[in-house]
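Chemist: Take a look at this one; I'll ask things after.
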Amino acid sequence: MYDFAYQKPASLADAVKALGAEDAKALAGGQTLIPVLKQRLNKPSVVVDLSRLGLSGISLTGETVTIGAMTTHATVANSADVKRAIPALAHLASLIGDEQVRHRGTIGGSLANNDPSADYPAAVLALGATIKTDRRTIAADDYFQGMFATALEPNEVITSVTFPIPAKAAYMKFNNPASRYAMVGVFVAKGPQGVRVAITGAGQGGVFRHAAYEAALAANWSADALNGITTPTDGLNSDIHASAEYRAHLIGVMAKRATAAAG
Amino acid sequence: MPQVTLTVNGKSASVEVEARTLLVELLREKLGLTGTHVGCDTSQCGACVVHVDGTSVKACTMLAVQADGASVTTIEGLAKADGTLHPMQEMFREHHALQCGFCTPGMVMSAIDLVQSHPEGLTEAQIRHGLEGNLCRCTGYHNIVKAIAAAWPIMHGKVPAAAE
């Protein structure tokens with residue numbers, strides 16, 4: 001790892017200012033950033049630790065669940081409030097990485113990184129969540145802009161994510177058994193914004209919505225409604241773990257299982 | 001260079017580190033606590049698991065500066081001063097849950113957190129899921145799972161510990 005300067009600001013304004021430095025990098029839980037630094041894939045001038053900004057915690061209204069950006073996956077997975085309001089979201093968090101990774105990794109870090117195989121982007125997109133930052137709110141449909149690309153400005157800090165509570169939702173993931181990242185993950189939701197289906201792990205451009213599935217499930221919410229709808233392989237990942245054709249097949253399998261699980 | 005002040009196994013330590021120093025490097029190289037192992041150095045194998053403020057984490061995927069002000073427990077901090085093993089260590093011995101022993105410090109630290117965070121009970125499936133972040137290449141895991149299941153009632157005071 002190359003060395004860097006380290007700052008741990010005590011206010012959001014100071015964090016944004018520190019992140020304005022050239023090649024500054026924000027540190028949330030570090031479960032992606034630290035491995036990336038070890039591989040010398042990134043050489044930040046300064047690492048800005050966001051852990052002193054008071055950005056963790058979960059709050060509920062009748063219609064929404066809001067999760068602070070620095071809330072760990074373990075906290076979301078074990079939260080009685082999240083389990084009651086959006087059990088699919090708690091379930092998704094329980095499948096990320098492993099226990100020790102979930103103790104450090106955060107929702108804000110996952111979304112800022114937007115790994116094409118990460119789990120949270122599927123929930124954020126399918127549930128139509130809004131991402132709050134130090135300066136604005138961003139709708140999920142505008143936020144994800146391709147592999148590792150988001151609508152965030154270089155010095156912009158996610159502060160929280162607000163999820164509308166759906167009537168039905170479920171997440172099913174076919175994971176890579178070594179890394180536990182999603183080879184294919186499908187989040188289905190029927191909520192205030194209608195039926196939305198988001199696919200992670202499969203697309204070259206990161207998470208995406210599946211319009212054909214959404215139309216079919218809006219007409220008839222059942223796994224059988226997805227019979228015969230094939231997913232084009234254009235734009236799907238093909239690698240040593242799975243071909244694009246296999247991923248297209250898995251999308252169908254995971255979507256049906258998720259729909260059945262959502263009830 | 002940054003100064004990190006933390007409590008390790010109940011003792012306060014103040015150490016000068018580089019910002020890039022990992023917590024596991026601080027423990028092994030600055031404090032000489034080599035019980036915490038580095039296996040893969042890529043967050044996968046779990047040989048480096050320690051407790052930070054009571055929660056199991058991978059010490060190879062945390063900067064030392066992030067542990068400033070924290071209380072860290074390593075495998076060296078488990079046994080009593082007179083050498084009496086922690087119940088989890090004792091059950092690992094009892095159930096032959098180790099062969100080469102390289103993964104054992106991390107396994108034990110993860111297992112203790114797993115048992116402590118499940119006072120309501122632990123199924124075999126929960127134990128196996130809870131060990132996802134710890135790799136063992138010798139045992140096939142079966143005896144590790146048995147040891148953890150056996151440690152649960154002892155750690156939660158459900159059965160008297162073995163007679164002295």
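Chemist: Looking at A:Tyr6 and the list (1) open to solvent by 20 Å² or more (accessible area, probe 1.4 Å); (2) part of a loop (DSSP other than H, G, I, E, B); (3) modelled with pLDDT of 95 or more; (4) touching a helix residue (DSSP H, G or I) at 6+ places or on another chain (Cβ under 6 Å), which single condition is not satisfied?
Modeler: (2)
Chemist: Now, a different point. Please state which one of A:Ile199, A:Ile240, A:Ile251 is away from chain B (no Cβ under 14 Å) and part of a loop (DSSP other than H, G, I, E, B).
Modeler: Numbers: A:Ile199 fails: part of a loop (DSSP other than H, G, I, E, B); A:Ile251 fails: part of a loop (DSSP other than H, G, I, E, B).
The match here is A:Ile240.
Chemist: Which of the following residues is free of Cβ contacts under 8 Å to residues at least 24 places away in the same chain and in contact with a Ser or Thr (Cβ under 8 Å, 6 or more places away or on another chain): B:Gly157, B:Gly130, B:Gly140?
Modeler: Working: B:Gly157 fails: in contact with a Ser or Thr (Cβ under 8 Å, 6 or more places away or on another chain); B:Gly140 fails: in contact with a Ser or Thr (Cβ under 8 Å, 6 or more places away or on another chain).
So the residue among B:Gly157, B:Gly130, B:Gly140 that is free of Cβ contacts under 8 Å to residues at least 24 places away in the same chain and in contact with a Ser or Thr (Cβ under 8 Å, 6 or more places away or on another chain) is B:Gly130.
Chemist: Considering A:Thr75, A:Thr66, which residue is away from every other protein chain (no Cβ under 14 Å), more than 24 Å from B:Glu18 (Cβ to Cβ) and either part of a helix (DSSP H, G or I) or touching a Ser or Thr at 6+ places or on another chain (Cβ under 7 Å) (or both)?
Modeler: Values: A:Thr75 fails: away from every other protein chain (no Cβ under 14 Å).
A:Thr66 is the lone residue from the list that is away from every other protein chain (no Cβ under 14 Å), more than 24 Å from B:Glu18 (Cβ to Cβ) and either part of a helix (DSSP H, G or I) or touching a Ser or Thr at 6+ places or on another chain (Cβ under 7 Å) (or both).
Chemist: Assigned to a strand (DSSP E or B) and under 13 Å from the mean Cα position of the chain (by Cα): is that true of B:His51 in this structure? Steps first, please.
Modeler: Details: assigned to a strand (DSSP E or B): yes; under 13 Å from the mean Cα position of the chain (by Cα): yes.
The answer is yes for B:His51.
Chemist: Restricting attention to the range A:142-162, does a residue exist that is acidic (Asp, Glu), touching a strand residue (DSSP E or B) at 6+ places or on another chain (Cβ under 7 Å) and free of Cβ contacts under 8 Å to residues at least 40 places away in the same chain? Before you say what the answer is, go through the steps one by one.
Modeler: First, pick out the residues of the range A:142-162 that are acidic (Asp, Glu): A:142, A:153, A:156.
Restricting the remaining residues to those that are touching a strand residue (DSSP E or B) at 6+ places or on another chain (Cβ under 7 Å) gives A:156.
Remaining after also requiring free of Cβ contacts under 8 Å to residues at least 40 places away in the same chain: none.
No: zero hits.
Chemist: Find all pairs meeting these conditions: Cβ atoms under 9 angstrom apart; at least six residues apart or on different chains; first residue within the range A:41-59 and within 12 Å of chain B (Cβ to nearest Cβ); second residue assigned to a strand (DSSP E or B) and surrounded by fewer than 18 Cβ atoms within 10 Å (Cβ to Cβ).
Modeler: Close Cβ pairs (under 9 Å, with a partner that is assigned to a strand (DSSP E or B) and surrounded by fewer than 18 Cβ atoms within 10 Å (Cβ to Cβ)) amount to A:Pro44/A:Ala5; A:Ser45/A:Ala5; A:Val46/A:Ala5; A:Val47/A:Ala5.
Chemist: Please find, among B:Gly133, B:Gly101, B:Gly121, B:Gly140, the residue that is within 29 Å of A:Ser179 (Cα to Cα) and in contact with a Gly (Cβ under 7 Å, 6 or more places away or on another chain). Quick ask: steps written out before the conclusion?
Modeler: Numbers: B:Gly101 fails: in contact with a Gly (Cβ under 7 Å, 6 or more places away or on another chain); B:Gly121 fails: in contact with a Gly (Cβ under 7 Å, 6 or more places away or on another chain); B:Gly140 fails: in contact with a Gly (Cβ under 7 Å, 6 or more places away or on another chain).
B:Gly133 is the lone residue from the list that is within 29 Å of A:Ser179 (Cα to Cα) and in contact with a Gly (Cβ under 7 Å, 6 or more places away or on another chain).
Chemist: If I filter the range A:26-36 for residues that are away from chain B (no Cβ under 11 Å), farther than 20 Å from A:Ile131 by Cα and in a loop (DSSP other than H, G, I, E, B), do I get at least one hit?
Modeler: no
Chemist: With the range A:126-175 as the region, which strands (runs of 3 or more DSSP E) entirely inside it contain at least 1 residues that are under 21 Å from A:Ala15 (Cα atoms)? Write out each step before concluding.
Modeler: Values: elements: A:130-133, A:137-139, A:158-164, A:168-175.
In the range A:126-175, A:130-133, A:137-139, A:158-164 are the strands (runs of 3 or more DSSP E) which contain 1 or more residues that are under 21 Å from A:Ala15 (Cα atoms).
Chemist: Any residue that is modelled with pLDDT under 95 and away from every other protein chain (no Cβ under 12 Å) - is there at least one of those in the range B:63-81?
Modeler: In the first step, residues of the range B:63-81 are kept if they are modelled with pLDDT under 95; the result is B:81.
Subset that is away from every other protein chain (no Cβ under 12 Å): B:81.
The answer is yes; a qualifying residue exists.
The values are calculated or read from the model by the stated rules, or taken from the named source; none is laboratory data. Just so we're clear, the structure is a prediction, and the values are computed from it rather than from any experiment. Neighbour counts are summed over all protein chains in view; Cβ atoms, including those assigned to glycine, are modelled from backbone coordinates with ideal geometry. Note: accessible area is taken over every heavy atom of the protein model, side chains too, but ligands, DNA and RNA are not part of it. Shrake-Rupley method; radii C 1.70, N 1.55, O 1.52, S 1.80 Å.
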